[in-house]
Amino acid sequence: MFHVKHSSPHILLVNPWITDFAAYNFWMKPLGLLNIAGLLREKGFGITLIDCLDFSINKKKYGDGKFLKTKIEKPDSLKSVPRNYSQYGIPEEMLLKRFSILEENPDIIGITSGMTYWYPGLFKVIEITKKFFRNVPIILGGIYATLCYEHAKNHSGVDIVFNGRDELEILKLIRRLTGFELAPNSELRANNLQYPAFDLYPQLDYICISASKGCPFACTYCASPFLSKGFSTRDPLRVVDEIDYWTKKHGVNNIAFYDDALLVEPSRHFIPIMQEVVRRGIHCNFHTPNALHIREVNEEIAVLMFQCGFKTIRLGFETSNEATQIETGGKVDNHEFRQAIKNLRRAGYSGEEIGVYLMVGLPGQRVGEAEEGIAFVKGTSANPMLVEYSPIPHTPLFEKAKKMSQFDLENEPLYHNNSILPCQWDGFTMADYRRLKEGLRRD
Ligand code: SF4
């Protein structure tokens, strides 16, 4: 728990547990919540942040690592899945202890949410929070609240479900609820504390950053177009100021880009950012867990990425099947993919370092398509990584998924869980998937 002394309204912000069959900390931080924390603090609010996921074990050299996990009962809808189900993050007693040592009760509690099928962990946090702080209004926002608004309204038990995409709207809502005038705090602004409030963590192994919002593409399986209307980029110099601030003032040396479209329009965005990183002599490791647009990885960008310390490269290829590529949005073709791998190899990356996401279990996809994809990626020397398809409400493919799935995707978000392969069928069974996974593990 991380507390800022204050005399103005006190806002408690909580990032809940993950509940799932598996979870790994690939540089996860609740960036939206931290943006709100930074904005509220800059406007004079007192902020306490409790991140239930801030408990990684066996950390690796770049700051990623395993979450602490506690095995829990499976929800009824998932009882037939033959795998352990766990709650990931801090132990429950630690959450209660953090509540109990607060200097004063919060005036408002804001809770964020992640994947739609993680809602059991979220609901448990809400239940505990409501018992502890009776009569304090709770606002629920985040991805689940936005994608499954009706479900959240009907089942979460919070006072307000916020399904807006704009963080400034949250400020207005909190202002309305507290009646507190939003006066900018010039001292905080001068010290750059309007940045996402990462400094509220006692220890920072990494931070994440967004240099842009949204994506100009519209892949049929992806929620980005729904979650962030339109595509916009930040001023490259302001992005580098932020990188500079965290690396030099806080000693952070691992930064994950959370952008959906980091490389789009590179000559006016990514290239100036990286050139400025070089000019200022910033040294840190960059990671791209959200995948990069392959089409944009030309020679210049590949070289800049290598020079600037991009250590974790993930490319969003999804399939080598040309018909599926076109049908799902046409963000890349096989020729562009081969070229990108050549450019990255020439720049200095080994094939093993170039992780390529391949989506498996798409509605109606045959296992043969996934096998071809794996062989195609291996043929370029890059490293294929399977990503199981998760049906996401408000995406075009969700309608097809609902028709093809044996699960009630419409009414039960637990069935969006990619681990259960929601669109498995005779042409692509769970056994097929395990065989593919095992084959990659042995390589
Ligand atoms: S999958 Fe990538 S390219 Fe496609 S819409 Fe989503 S973020 Fe954009």
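The values are calculated or read from the model by the stated rules, or taken from the named source; none is laboratory data. These numbers were taken from a predicted model, which means no experiment stands behind them. In this analysis, Cβ positions are derived from the backbone assuming ideal geometry, glycine residues included, and neighbour counts consider all displayed protein chains. Areas reflect the complete protein model, heavy atoms only, side chains present, ligands, DNA and RNA absent. Shrake-Rupley method; radii C 1.70, N 1.55, O 1.52, S 1.80 Å.
Points to keep in mind about this one:
- Test: residue in region 80-94 that is open to solvent by less than 10 Å² (accessible area, probe 1.4 Å), more than 30 Å from residue 285 (Cα to Cα) and polar (S, T, N, Q): yes
- Residue 258 meets the conditions (1) within 16 Å of the ligand (Cβ to nearest atom); (2) at pLDDT below 95; (3) open to solvent by 30 Å² or more (accessible area, probe 1.4 Å) in every case but one. The failed one is (2).
- Those residues of region 339-353 which are touching a helix residue (DSSP H, G or I) at 6+ places or on another chain (Cβ under 6 Å) and more than 16 Å from the ligand (Cβ to nearest atom), in sequence order: 343, 344, 347, 348
- Residue list for region 425-439, filter: open to solvent by 40 Å² or more (accessible area, probe 1.4 Å), touching a residue at least 60 places away in the same chain (Cβ under 8 Å) and within 13 Å of residue 370 (Cα to Cα): 429
- The requirement of being more than 16 Å from the ligand (Cβ to nearest atom), touching a Cys at 6+ places or on another chain (Cβ under 9 Å) and open to solvent by less than 10 Å² (accessible area, probe 1.4 Å) is fulfilled nowhere in region 289-302; no residue meets it.
- Residue among 237, 263 that alone is over 14 Å from the mean Cα position of the chain (by Cα), more than 13 Å from the ligand (Cβ to nearest atom) and modelled with pLDDT of 95 or more: 237
- Filtered residues of region 318-338 (kept if more than 14 Å from the ligand (Cβ to nearest atom) and touching a residue at least 40 places away in the same chain (Cβ under 8 Å)): 320, 321, 334, 338
- Residue 99 falls short of the stated requirement of being touching a strand residue (DSSP E or B) at 6+ places or on another chain (Cβ under 7 Å), aromatic (Phe, Trp, Tyr) and either under 14 Å from residue 25 (Cβ atoms) or open to solvent by less than 30 Å² (accessible area, probe 1.4 Å) (or both).
- Counting only strands (runs of 3 or more DSSP E) that fall entirely inside region 1-81 and contain at least 3 residues that are touching a Ser or Thr at 6+ places or on another chain (Cβ under 8 Å) and under 17 Å from residue 143 (Cα atoms), the qualifying elements are 10-15.
- Across region 207-229, the qualifying residues are those that are open to solvent by 50 Å² or more (accessible area, probe 1.4 Å) and more than 10 Å from the ligand (Cβ to nearest atom), and the one among them that is nearest to residue 195 (Cα to Cα) is 213.
- Which numbered condition residue 165 misses (of (1) surrounded by 21 or more Cβ atoms within 10 Å (Cβ to Cβ); (2) in contact with a Ser or Thr (Cβ under 8 Å, 6 or more places away or on another chain); (3) under 28 Å from residue 410 (Cβ atoms)): (1)
- Positions within region 230-255 being hydroxyl-bearing (Ser, Thr, Tyr) and open to solvent by 30 Å² or more (accessible area, probe 1.4 Å), in sequence order: 232, 233
- Residue 214 being more than 16 Å from residue 31 (Cβ to Cβ), free of Cβ contacts under 8 Å to residues at least 60 places away in the same chain and of a type outside the set (D, E, K, R): no
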